[in-house]
1. Please find, within region 116-157, the residue that is modelled with the lowest pLDDT out of those that are outside any helix (DSSP H, G or I) and more than 15 Å from Thr196 (Cα to Cα).
2. So in region 169-191, with the set limited to residues that are open to solvent by 80 Å² or more (accessible area, probe 1.4 Å) and touching a residue at least 40 places away in the same chain (Cβ under 8 Å), which one is farthest from Gly99 (Cα to Cα)?
3. Based on this model, can you work out whether Thr207 counts as in contact (Cβ under 8 Å) with a residue 40 or more places away in the chain and touching a helix residue (DSSP H, G or I) at 6+ places or on another chain (Cβ under 7 Å)?
4. Applying the selection to region 158-185, what residues are in a loop (DSSP other than H, G, I, E, B) and more than 44 Å from the chain's Cα centre (by Cα)?
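The values are calculated or read from the model by the stated rules, or taken from the named source; none is laboratory data. Keep in mind it's a predicted model, so treat the numbers as computed, not measured. Cβ placement follows ideal geometry from the backbone for every residue including glycine, while neighbour counts extend to all protein chains displayed. Just so you know, the surface numbers come from the protein's heavy atoms only, side chains and all, with ligands and any DNA or RNA stripped out. Shrake-Rupley method; radii C 1.70, N 1.55, O 1.52, S 1.80 Å.
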Amino acid sequence: MSTTPNEPQDPRSAVPADPNTDDPRATGHGGVNGVPAGQPYAEPQNSGQQYGQAGGKYGTAEYNPGQYTGVTERPGTLDKLLKLTMASLGIYVLSGIVGLIAVSTIEMAGKAGGVGGPTSSIISLIIGIALYLLVWTNLKKGKNWARILGTVFAAIAILGGLFGLIGTFVYPAPWNIIMIVLALLKVVVDILWIVTAYKAPTSAWFTQNQVQR
């Protein structure tokens, strides 16, 4: 039976879809995320920040060149420590020279008994200078063992300087007075050296260099 062009057709009378067809629109399936089948898939709106903007890749923090990295820069206390080392060395050398002059004065006066000869004093002076330079050079490189070694030398020098004040009275004036002043000055410098060596910035710098190695 044919229908006239103006007569509406019954939707139920349409040809049923072939279940074997691969077209999802024919079976009524294939909608994705609530989008009807056959319509273009709309990408979800970006509800958050885009990947890689707020942070670095794989969830890590974004690199910031000005961000604190935990690395301790060379503190000013280290420069002070190096200066105190050289100051102590200078006083040590000056005391040695004064001691040699005083010994020579005693020898010329015929009172050499009980006083060390100039040869042993010169050898001791050279060894002391070498040890000072060893400590100073490695302190500058951040070697913690140099700080420990310098602490041992400073402690010995402090005790030796205090007890050595008694022995200065065997030397004639004015050399004994000069030696007492230099001995007391060296004790003060060596005490400052130990205090500076173990201040927080100095210790942090030496610890950092020890860990990095």
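1. Gly116
2. Of everything passing the filter in region 169-191, Leu185 is farthest from Gly99 (Cα to Cα).
3. So Thr207 does not fit the description; no.
4. Hits for region 158-185 are Tyr171, Pro172, Ala173, Pro174.
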